[in-house]
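In what follows, a structure is listed as structure tokens, so that the remarks can point back to it.
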Amino acid sequence: WQWEDGTTNLTKEDIITQSTPPEWKAIYKGNLVSNDENGISSGSQRKLVRTDNGIYHIVYESMGQVWYTHSLTSNYYGAWSEDEWMFGGKNPSMDYEGNEVKIVFELFDPSYGSDPVIYLATFKPGINGNYIWGETEEVLTYSPSYYGEAKPVISYEPGIVFIAYRKNSTDGIYQKTKWYSSSSGTWYW
């Protein structure tokens, strides 16, 4: 958790030693809760999937971040894992093959790079019903002026990942495809 001024993990001594302590307000992130009314709704992007093992997976936006969680049983109304912060980002979309989930979203962090990226993350089944991070990668970069509007969508099938997106407001829809052979893959335009 963090405080409204952006600091984290303040101790009681940090607050007491200030000559005029400011007013502090804690910001908490609730499980499966978003402060964005469109956090999980987007007619063009899949935010909820159910893998072959019956587990539900959700990706959404809240507090300017991308979050991922999954059910711990095949009952949608049962227990859920703690939300996992993926990165500060926008417009996540997901798909699955078998029991593996791939999530694509827009990511822009000026301390990380000068251009936004479309980022791909994989979650795989782990032990005790949890899902764990698999490989992650940058798929492509685009103009900072278009950040938040690329709205990538993903299709994931055996041996292939297909990502459609917009990279500006005047062109049509672009795509990038990754074909897998053995355990490695190659991206094609």
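Sticking with the crude label model, points 7 Å out along Cα→Cβ, report the distance from Glu138 to Ser74 in nm, one decimal please.
Between Glu138 and Ser74, the label points sit 4.2 nm apart.
Only residues of region 128-149 count here: report those whose backbone N is under 19 Å from the spot 7 Å along Cα→Cβ of Tyr180, or say none.
131-140
Apply the Karplus curve 6.51 cos²θ - 1.76 cosθ + 1.60, θ = phi - 60°, to the phi angles in region 144-151 and return the couplings in whole Hz, x for Gly and Pro.
Coupling constants for region 144-151: x, 5, 9, 4, x, 10, 5, 6 Hz.
When only DSSP loop residues count, what GluC sites (Glu not before Pro) in region 41-102 have their Cβ near at most 11 other Cβ atoms within 10 Å? Write down the numbers at each step before the final one.
On the way: sites: Glu61, Glu82, Glu84, Glu97, Glu100; in loops: Glu82.
Listed in order of number, the matching sites are Glu82.
For Asn53 and Ser111 in one chain, what is 0.36 nm times their gap in residues minus the Cα-Cα distance, to one decimal in nm? Kindly include the intermediate steps, with their values, before the conclusion.
Values: separation 58, 0.36 × 58 = 20.88 nm, distance 3.88 nm.
Gain on stretching Asn53 to Ser111: 17.0 nm.
How large is the convex hull of the C-alpha atoms of region 45-189 per residue, in Å³?
Numbers: hull volume 16.7 nm³, N = 145.
With only Cα atoms used, region 45-189 gives 115 Å³ per residue.
Largest first, what is the accessible-area ranking of Ile58, Ile132 with a 1.4 Å probe?
Numbers: Ile58 10, Ile132 90 Å².
Result, largest first: Ile132, Ile58.
Accessible area per residue for region 130-174 in Å², computed with a 1.4 Å probe and the full protein assembly in place, what is it? Walk me through the numbers on the way to the answer.
Working: 2370 Å² over 45 residues.
Here the residues of region 130-174 average 53 Å² of exposed surface.
The values are calculated or read from the model by the stated rules, or taken from the named source; none is laboratory data. What you see is a predicted model, and the numbers here were worked out from it, not measured in a lab. Cβ sites come from the backbone with ideal geometry, for glycine too, and all protein chains shown count toward neighbours. What goes into the accessible areas is simple: the full protein's heavy atoms, side chains included, and nothing from ligands, DNA or RNA. Shrake-Rupley method; radii C 1.70, N 1.55, O 1.52, S 1.80 Å.
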